[in-house]
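Here is the structure we will look at, set down as structure tokens.
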């Protein structure tokens with residue numbers, strides 16, 4: 001009798017779970033998925049959004065199974081009366097345990113393969129991968145150096161005379177190689193809408209790649225606690241058309257030439273002290289409290 005009851009309960013739970021999964025998995029992928037962060041401004045951001053959609057679909061039946069079991073237990077297995085008794089011990093469920101361990105192991109291994117492929121296919125998915133990335137973009141790239149310091153970001157363009165700016169401008173549909181470093185403590189360069197996030201460590205060149213697909217503005221934040229004004233360490237960025245970027249870069253290079261002369265020669269890293277960071281340009285007037 002008990003075995004028949006368990007079988008009936010199991011079939012009910014399984015049936016409800018399958019129906020709910022069939023309904024909600026497409027909803028998660030096709031309705032909720034396109035609105036997931038970080039958006040589709042770059043190929044890395046679009047790739048991360050696709051990954052989040054896949055992970056959301058995989059997680060949906062797991063969440064639904066837990067919720068279905070919980071609701072079923074509350075409706076049909078709750079005790080009535082004043083005296084509360086322990087439920088019957090469940091033993092000798094070797095087949096069920098085997099299916100559960102096998103299915104969860106298979107799911108985790110599939111996600112590991114999927115994640116590895118996505119990292120390789122998307123040039124590290126916008127992550128900082130050190131000075132010698134395993135997964136690297138191919139073809140011509142525009143190098144842009146991200147320099148973090150307490151508490152600001154600046155950006156150097158070695159192909160434009162080594163000029164340095166306080167706003168990050170990049171062209172549309174061109175592969176960008178970010179060389180991320182720091183002048184003092186550990187920071188983190190996070191261009192949210194681009195799907196790029198890389199630690200900025202003193203004495204280290206941390207490389208990340210991105211290819212912007214759409215023009216528009218994006219936000220830059222520090223994502224590593226770096227001191228008193230960490231929360232105010234932000235910068236602005238913009239993706240421009242190729243023609244607009246060429247015009248901006250040429251004009252800015254000429255305009256910043258007097259200041260560029262005061263900078264140290266372009267290097268992938270700089271000594272994290274005042275003299276090595278460029279003397280009077282990165283002098284005692286920095287950092288400036290907001």
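The values are calculated or read from the model by the stated rules, or taken from the named source; none is laboratory data. All of these numbers come straight from a predicted model, not from anything done at the bench. Backbone-built Cβ (ideal geometry, glycine too); neighbour counts: all protein chains shown.
For the reader, a short list of remarks on this structure follows.
- Checking residue 195 against (1) at positive phi; (2) surrounded by fewer than 18 Cβ atoms within 10 Å (Cβ to Cβ), the condition it does not meet: (2)
- Test: residue in segment 80-96 that is more than 27 Å from residue 54 (Cα to Cα) and either touching a helix residue (DSSP H, G or I) at 6+ places or on another chain (Cβ under 7 Å) or in contact (Cβ under 8 Å) with a residue 40 or more places away in the chain (or both): yes
The rows are residues; the columns are (1) assigned to a loop (DSSP other than H, G, I, E, B); (2) surrounded by fewer than 11 Cβ atoms within 10 Å (Cβ to Cβ); (3) at positive phi.
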position	(1), (2), (3)
17	no, no, no
30	no, no, no
47	no, no, no
58	no, no, no
70	no, yes, no
82	yes, yes, no
98	no, yes, no
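- Residue 51 vs. criteria farther than 27 Å from residue 190 by Cα and either touching a helix residue (DSSP H, G or I) at 6+ places or on another chain (Cβ under 6 Å) or part of a loop (DSSP other than H, G, I, E, B) (or both): no
- The listed residue being within 20 Å of the chain's Cα centre (by Cα), in the same structural domain as residue 251 (by TED's automatic domain parsing) and surrounded by 14 or more Cβ atoms within 10 Å (Cβ to Cβ), out of 137, 148: 148
- All told, residue 105 falls short of being over 30 Å from residue 205 (Cβ atoms), at pLDDT below 80 and either assigned by TED's automatic domain parsing to the domain that holds residue 220 or surrounded by fewer than 11 Cβ atoms within 10 Å (Cβ to Cβ) (or both).
- The listed residues are 204, 185, 180, and the only one of them that is crowded, with 19+ Cβ neighbours inside 10 Å, touching a residue at least 24 places away in the same chain (Cβ under 8 Å) and either touching a strand residue (DSSP E or B) at 6+ places or on another chain (Cβ under 8 Å) or outside the structural domain of residue 222 (by TED's automatic domain parsing) (or both) turns out to be 180.
- Any hit, segment 125-133, residues being touching a helix residue (DSSP H, G or I) at 6+ places or on another chain (Cβ under 9 Å) and part of a helix (DSSP H, G or I): yes
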